[in-house]
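Below is one structure, written out as structure tokens; the observations come after it.
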Amino acid sequence: MFRRANHLVIFGALALLASCGGAGEGNRNAAPANEARTAERAAATPGADAVRASVSEVKLKAGGAGEAVVRLNIAGGFHVNSNAPGDKFVIPTRLDAAPAAGIKAGAPVYPDGVRKKFPFSEQPLSVYEGEVAIRLPLSAEAGASKGRHTVSTDLTVQPCDDRECFPPRKINAAVPVVVE
């Protein structure tokens, strides 16, 4: 009788595992299905398209300097944390530029944010809303080749609404530069 009780316990545990997806034949396609659901959720994540970036062409003389303007367009009802949000637990807006052949980028100049209080933070945060311009100083070396160049930039933003913040995202904002 003791053996029979052990068999029943083992059989019951195996049946429970199979019904939960831990074992059995019916779970072989669960990983691809779960990956597809995860991708669908990511595409439908609120805030995923809340921020767009645009950059106009910059003309520089060889040996000269100028400035690119990276414009953020933030959808209504959303904001992003400024470059200095005032809370170490939120992700600041940040522009990182990689040098191109003969062209160097300086430190970005961020606009002041607007201070606002949100239900998810104890203190007011500095945020950007609507359209915001980040200025990026550029300089062309004296020997820079004339013609078209591209300065690659990555813009890190964390979109939020009035109730919560969403995962941060990187936006590639390529800066077209013409050296004359």
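Among the listed residues G106, G147, which satisfies the condition of being surrounded by fewer than 16 Cβ atoms within 10 Å (Cβ to Cβ) and in contact with a Pro (Cβ under 6 Å, 6 or more places away or on another chain)? Steps first, please.
Details: G147 fails: in contact with a Pro (Cβ under 6 Å, 6 or more places away or on another chain).
Among G106, G147, only G106 is surrounded by fewer than 16 Cβ atoms within 10 Å (Cβ to Cβ) and in contact with a Pro (Cβ under 6 Å, 6 or more places away or on another chain).
In the set (1) touching a residue at least 60 places away in the same chain (Cβ under 8 Å); (2) exposed (fewer than 14 other Cβ atoms within 10 Å of the Cβ), I134 fails one condition alone, (2).
In segment 70-82, how many residues are on the phi < 0 side of the Ramachandran plot and surrounded by fewer than 18 Cβ atoms within 10 Å (Cβ to Cβ)? Full working, then the answer.
In the first step, residues of segment 70-82 are kept if they are on the phi < 0 side of the Ramachandran plot; the result is 70-76, 78-82.
Then drop every residue that is not surrounded by fewer than 18 Cβ atoms within 10 Å (Cβ to Cβ), which leaves 71, 73, 75-76.
Counting residues in segment 70-82 that are on the phi < 0 side of the Ramachandran plot and surrounded by fewer than 18 Cβ atoms within 10 Å (Cβ to Cβ) gives 4.
If you go through segment 61-87 and keep only what is among the aliphatic types (A, V, I, L, M) and in a strand (DSSP E or B), you end up with A65, A68, V69, V70, L72, I74, V80. Only one of the numbered conditions (1) over 16 Å from A173 (Cα atoms); (2) within 21 Å of the chain's Cα centre (by Cα) is not met by E131, and that is (1).
In segment 121-177, the residue that is modelled with the highest pLDDT out of those that are within 18 Å of T93 (Cβ to Cβ) and basic (K, R) is R135.
The values are calculated or read from the model by the stated rules, or taken from the named source; none is laboratory data. Computed from a prediction, not measured in an experiment: that's the story for all the values here. A quick note on method: Cβ atoms are made from the backbone with ideal geometry, for glycine too, and the neighbour counts reach across all protein chains shown.
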